[in-house]
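Novice: Would you mind keeping the following structure in view while I ask a few things?
The values are calculated or read from the model by the stated rules, or taken from the named source; none is laboratory data. Because the structure is a prediction, the values reported are computed rather than measured. Because the Cβ atoms are built from the backbone with ideal geometry, glycine has one as well, and the counts that use them run over all protein chains shown. Just so you know, the surface numbers come from the protein's heavy atoms only, side chains and all, with ligands and any DNA or RNA stripped out. Shrake-Rupley method; radii C 1.70, N 1.55, O 1.52, S 1.80 Å.
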Amino acid sequence: MALIILFILIGIPAIEIYVFAEVGGIIGGWATVGLTLLTASLGAIMFRSQGTAVLQRAQEQLQREETPLAEIIDGVGLLLAAAFLFLPGFVTDIAGFLLFIPPLRIVLIGMLFQGAARAAHSHVWIVRGRSDKTSSGSRTVIDAEFEDLTDTDYKPETGADKTDRKLPPR
């Protein structure tokens, strides 16, 4: 984890400086600055259009009383894409533009969430789409792990366990 943070703080800016110098040597300094401003502007325009569409889909799902999890993940991807495009640099601009491609964004953000889940020693499943062929009529599936903490010496007839605590009614 420390190596990843070190790469983010030192490696990416060093790569960006190198690419700036190379591009500036080829097209000139002012053209490089102009290109950087252009990519930031394009990022803002793309974020606004795609972000509005994601927000509308999320609102529609909320009106149907569904959880807009896919839209939240899309929103995180769009926010990350916009942040990459606002940062000055061509390498981060490439990453930002790649995140604006919806199928690629879903894969990359899914990998990010799975990496975070591995680091936290938990599991994350991201499921896109919907199946209308449910037997109970419900589309909500909750998958969880649990540990039974009830006392084995519980006496249902008295409502007390071995320490004489009262348990809530079932």
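Novice: Looking only at the stretch 53-80, count every residue that is of a type outside the set (A, V, I, L, M, F, W, C) and over 20 Å from Leu104 (Cβ atoms) and tell me the total.
Specialist: Total meeting the criteria: 10.
Novice: Go through the stretch 60-81 residue by residue and tally those that are open to solvent by 80 Å² or more (accessible area, probe 1.4 Å) and either within 24 Å of Ala14 (Cα to Cα) or in a loop (DSSP other than H, G, I, E, B) (or both).
Specialist: Residues meeting the conditions: 4.
Novice: Answer with yes or no whether Ala21 is part of a helix (DSSP H, G or I) and open to solvent by less than 60 Å² (accessible area, probe 1.4 Å).
Specialist: no
Novice: Still on this structure: Which residues, counting only those in the stretch 39-55, are under 16 Å from Gly77 (Cα atoms), polar (S, T, N, Q) and either in contact with a Pro (Cβ under 6 Å, 6 or more places away or on another chain) or surrounded by fewer than 18 Cβ atoms within 10 Å (Cβ to Cβ) (or both)?
Specialist: Answer for the stretch 39-55, where residues must be under 16 Å from Gly77 (Cα atoms), polar (S, T, N, Q) and either in contact with a Pro (Cβ under 6 Å, 6 or more places away or on another chain) or surrounded by fewer than 18 Cβ atoms within 10 Å (Cβ to Cβ) (or both): Ser49, Thr52.
Novice: What are the residues in the stretch 87-115 that are outside any helix (DSSP H, G or I), surrounded by fewer than 17 Cβ atoms within 10 Å (Cβ to Cβ) and among the aliphatic types (A, V, I, L, M), if any?
Specialist: Ile101
Novice: Phe84 passes all but one of (1) surrounded by 13 or more Cβ atoms within 10 Å (Cβ to Cβ); (2) at pLDDT 65 or above; (3) farther than 30 Å from Gln56 by Cβ; (4) of a type outside the set (A, V, I, L, M); which number fails?
Specialist: (3)
Novice: If you go through the stretch 24-36, how many residues are in a helix (DSSP H, G or I) and open to solvent by less than 40 Å² (accessible area, probe 1.4 Å)?
Specialist: 4
Novice: Report, by residue number, each residue of the stretch 97-126 that is polar (S, T, N, Q) and modelled with pLDDT under 75.
Specialist: Ser122
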